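Trainee: So that we are looking at the same thing, I have put the structure below in structure tokens.
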Amino acid sequence: SSSAAIELATAFALMLLSKNKVDLDENKKMELINSCIYAENHFIGVPCGMLDQGTISFGKNNNLVHIECKDKKIKNLILPESFKNIKFWIFNTHK
């Protein structure tokens with residue numbers, strides 16, 4: 001996920017330098033995600049998917065990021081009001 005974060009930060013920085021709007025709609029975010037995945041797969045050689053780029057691009061406060069990898073669809077799910085003060089971490093290291 002660190003390479004995904006660097007890729008997206010670089011993409012946003014380049015967009016700012018080129019005077020493009022950084023507020024991206026969902027379609028433009030998906031284009032950016034796909035470009036970063038392509039760079040990972042073809043230039044770096046990492047066979048990654050869309051999880052890291054998707055969560056970084058679509059992450060919002062008080063929302064969950066729902067990713068359908070099969071259909072390549074990402075959306076935000078607003079957390080219910082009762083979840084607003086709950087903090088949780090999920091780790092799966094396969095170790």
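The values are calculated or read from the model by the stated rules, or taken from the named source; none is laboratory data. Model, not experiment: these values are computed from the prediction. Backbone-built Cβ (ideal geometry, glycine too); neighbour counts: all protein chains shown. Each accessible area value is taken on the protein alone, full model and side chains, heavy atoms only, with ligands, DNA and RNA left out. Shrake-Rupley method; radii C 1.70, N 1.55, O 1.52, S 1.80 Å.
Trainee: Conditions first: (1) open to solvent by 100 Å² or more (accessible area, probe 1.4 Å); (2) closer than 18 Å to ILE6 by Cβ; (3) among the polar types (S, T, N, Q). ASN34 passes all but one, so which condition is the exception?
Mentor: Every condition holds for ASN34 apart from (1).
Trainee: Continuing with this model, one more query. Take VAL46 and decide whether it is within 18 Å of ALA4 (Cα to Cα), in a loop (DSSP other than H, G, I, E, B) and in contact with a helix residue (DSSP H, G or I) (Cβ under 8 Å, 6 or more places away or on another chain).
Mentor: So VAL46 fits the description; yes.
Trainee: Considering only residues of the stretch 65-76 that are open to solvent by 70 Å² or more (accessible area, probe 1.4 Å) and part of a strand (DSSP E or B), which is nearest to MET30 (Cα to Cα)?
Mentor: LYS73
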